[in-house]
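Trainee: One structure is given below, represented as structure tokens, and several questions about it will come after.
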Amino acid sequence: MKSNRNMLDVRNLRTYFYSSRGMVKAVNNVSFTIKQGEILGIAGESGAGKTVIALSVLRLVPYPGKILTGQIFFNGEDLMHKSSKEMMSIRGAGIGMIFQDPMSCLNPVFTIGEQLTASILTHQKISRQEAIEKAIEMLKIVNIPDPERRLKGFQHEFSGGMKQRVMIALALSCNPEFLIADNPTTALDSTIQLQFLNLILDLRKKLGMTILYITHDFGVVAKLCDRVAVLYAGEIIEIGSVFDVLKSPAHPYTAGLIASTPSLGMLEKKIEAIEGKQPDLAFLPPGCKFAPRCKNAAPRCLEKEVQLFEVGREGKSHLVRCLDYE
């Protein structure tokens, strides 16, 4: 059930990585909110900064990365002012995360049950037997058959789709209010992907969960999300409801991504690719970051930084970073 209360409020987030080549601006002045019970999708090409946003929210940015500026409010509390110990209690219990690659996140030398119970015991004051019962319950929720037996299995005994379900069970095992899913269906075939998305929607309905879903697939966005933020070169270049953004994309980059998404109805139609590639985040061009790839770019697009402008229907928050709407 959605409400008007902001579960997550990210303001002016800048996360940079220091390198011998210079400052890599992975996330560059990003702001967005997610209301309780809402699913916000963050979409864009690989390397746009989507995963870095997720890691910044959890304060897990790896070295040599650093959050330079910004505020991250979770349930009204600024996570940037939390100690490492306080963040450890928030991760898992307050915010759960499904990582992109279960192969690298599941430990091959421990059983699935040992990993689930360890996570539960870390965040909940219950007995080991109660943790085992909770682990079995979580495997049932994510539709893994014969959970008592599977609890004793190792990751190599699970298919790709089942590993991803285990990752969901791990993320949900401590009853988090907020879930971050980072490209969780990348390695899954279309049938398993659909089952996974239906499972996410079912969990949102049953548990009232708030979700940040990271993807590069607009088909997933259309199926799952309430709103979508399109990321390019570390900046949000368009954000609005899924209906508004997919029906009437205001930014040429968004329109290009949608046009390049294959579908069954495009069997005889050529998929239009966006020419060029994203700029080097250590050497960003002046002005609009998409201008070097934009067919409609004008000299003024390279003269100054472009702000987000309101577009679309009255009363609907649909913002785009393009001077055509200045």
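The values are calculated or read from the model by the stated rules, or taken from the named source; none is laboratory data. For clarity, every value in this text was computed on a predicted model and none was experimentally measured. Quick reminder, even Gly has a Cβ in these numbers, built from the backbone with ideal geometry, and neighbours come from all protein chains shown.
Trainee: How many residues, within region 127-170, are small (G, A, S), over 28 Å from the mean Cα position of the chain (by Cα) and not in a loop (DSSP other than H, G, I, E, B)?
Mentor: 1
Trainee: Would you check which residues across region 190-235 are part of a helix (DSSP H, G or I), of a type in the set (F, W, Y) and touching a residue at least 40 places away in the same chain (Cβ under 8 Å) and list them?
Mentor: F218
Trainee: So which residues in region 93-140 are aliphatic (A, V, I, L, M) and in contact (Cβ under 8 Å) with a residue 60 or more places away in the chain, if there are any at all?
Mentor: Passing the criteria: A93, I95, M97, I98, M103, L106.
Trainee: Working carefully through the options G65, G92, G41, find the one that is within 14 Å of the chain's Cα centre (by Cα) and under 30 Å from Q155 (Cβ atoms).
Mentor: G41
Trainee: Could I ask something else about it? Checking A250 against (1) in contact with a His (Cβ under 9 Å, 6 or more places away or on another chain); (2) within 19 Å of I34 (Cβ to Cβ); (3) outside any helix (DSSP H, G or I): exactly one of these is not met. Which one?
Mentor: Of (1) in contact with a His (Cβ under 9 Å, 6 or more places away or on another chain); (2) within 19 Å of I34 (Cβ to Cβ); (3) outside any helix (DSSP H, G or I), only one is false for A250: (2).
Trainee: Could I ask something else about it? Mind listing whichever residues of region 126-161 are modelled with pLDDT under 85 and of a type in the set (A, V, I, L, M, F, W, C)?
Mentor: I141, V142
Trainee: Something else: Select from region 1-16 the residues that are in contact (Cβ under 8 Å) with a residue 60 or more places away in the chain and either within 14 Å of L79 (Cβ to Cβ) or surrounded by 15 or more Cβ atoms within 10 Å (Cβ to Cβ) (or both) and list them in ascending order.
Mentor: Of everything in region 1-16, those that are in contact (Cβ under 8 Å) with a residue 60 or more places away in the chain and either within 14 Å of L79 (Cβ to Cβ) or surrounded by 15 or more Cβ atoms within 10 Å (Cβ to Cβ) (or both) turn out to be N6, M7, L8, D9, V10, R11.
Trainee: Which residue out of K35, K66 is under 21 Å from V220 (Cβ atoms), among the basic types (K, R), touching a strand residue (DSSP E or B) at 6+ places or on another chain (Cβ under 7 Å) and in contact (Cβ under 8 Å) with a residue 12 or more places away in the chain?
Mentor: The conditions single out K35.
Trainee: Being farther than 20 Å from F32 by Cβ and either within 19 Å of the chain's Cα centre (by Cα) or among the β-branched types (V, I, T) (or both) narrows it down to one of L197, L231, so name that one.
Mentor: From the options L197, L231, the qualifying one is L197.
Trainee: Take the residues in region 143-189 that are free of Cβ contacts under 8 Å to residues at least 60 places away in the same chain and of a type in the set (F, W, Y), then tell me which one is nearest to T122 (Cα to Cα).
Mentor: It comes out as F154.
Trainee: What's the number of the condition L179 fails, among (1) of a type outside the set (F, W, Y); (2) outside any strand (DSSP E or B); (3) in contact with a strand residue (DSSP E or B) (Cβ under 8 Å, 6 or more places away or on another chain); (4) farther than 16 Å from E45 by Cα?
Mentor: Tallying (1) of a type outside the set (F, W, Y); (2) outside any strand (DSSP E or B); (3) in contact with a strand residue (DSSP E or B) (Cβ under 8 Å, 6 or more places away or on another chain); (4) farther than 16 Å from E45 by Cα, L179 fails exactly one: (2).
Trainee: Given the condition at pLDDT below 85, closer than 27 Å to L8 by Cβ and not polar (S, T, N, Q), answer yes or no: does some residue in region 217-229 qualify?
Mentor: No, region 217-229 contains no residue that is at pLDDT below 85, closer than 27 Å to L8 by Cβ and not polar (S, T, N, Q).
Trainee: Return yes when N75 is farther than 23 Å from N6 by Cα, touching a residue at least 24 places away in the same chain (Cβ under 8 Å) and either in contact with a His (Cβ under 7 Å, 6 or more places away or on another chain) or surrounded by fewer than 18 Cβ atoms within 10 Å (Cβ to Cβ) (or both) and no when it is not.
Mentor: Taking the combined requirement at face value, the residue does not satisfy it.
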